[in-house]
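**Q** Just passing along the structure, written as structure tokens.
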Amino acid sequence: MKILENQNVVLVGNSVEILLYEHGEWIDSFDKVIRMGRGLPSEDNKRAIGMKTDVWVTGFLREDWSRQIPNAEVLLNRTRIHLTAPRDWNIKGTEMFTDKELLEIYKEFEYQDDSKIGRPSNGFITLLYLIKKAWVWKSLTLIGFDF
């Protein structure tokens with residue numbers, strides 16, 4: 001991902017606990033800020049998580065939210081739906097992993113597609129993407145994760 005090249009990047013998780021702290025200015029001080037799903041900034045949470053969003057990670061269930069952050073690049077995550085289902089997305093962005101690659105990840109970490117046993121979280125898949133496919137950043141910091 002060109003936007004992350006030689007940048008100090010922060011990946012902001014969706015842990016509810018992050019809202020107890022005032023890390024907003026610190027988060028916004030990074031060269032690039034990556035946020036996931038519903039973890040978008042607002043006036044109510046800006047002291048806790050900041051306002052800057054350079055990259056937004058989402059799946060098709062939140063594609064209409066992209067209007068809230070029109071200038072952010074989008075990373076697409078398909079792990080929350082059955083991987084053999086047809087794709088019907090109207091959102092443009094970079095798909096982190098193909099269905100075949102996701103099935104290999106599921107196998108590697110002993111997840112089962114669409115099972116109640118578990119599936120990889122958005123944060124886990126994003127971290128794998130940043131390490132395996134987008135290792136162009138200078139530094140990567142994680143905040144707001146509970147795994």
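The values are calculated or read from the model by the stated rules, or taken from the named source; none is laboratory data. No experiment lies behind these values; they were computed from the predicted model shown. Positions of Cβ are generated from backbone atoms using ideal geometry, with glycine treated the same way; all protein chains shown enter the neighbour counts. We work out accessible area using only protein heavy atoms, side chains counted, and drop any ligands, DNA or RNA first. Shrake-Rupley method; radii C 1.70, N 1.55, O 1.52, S 1.80 Å.
**Q** Would you check which residues across region 1-60 are within 21 Å of Leu128 (Cβ to Cβ), open to solvent by 20 Å² or more (accessible area, probe 1.4 Å), touching a helix residue (DSSP H, G or I) at 6+ places or on another chain (Cβ under 8 Å) and at pLDDT 95 or above and list them?
**A** Passing the criteria: Lys32, Asp54.
**Q** Taking interchain pairs and intrachain pairs at least six residues apart, which have beta carbon atoms under 6 angstrom, with the first residue in region 86-110 and at negative phi and modelled with pLDDT of 85 or more and the second surrounded by 15 or more Cβ atoms within 10 Å (Cβ to Cβ) and part of a helix (DSSP H, G or I)?
**A** Taking only residues 6 or more apart or on different chains, the pairs are Met96/Tyr129.
**Q** All but one of (1) at pLDDT 85 or above; (2) open to solvent by less than 50 Å² (accessible area, probe 1.4 Å) hold for Ser115; which doesn't?
**A** For Ser115, the exception is condition (1).
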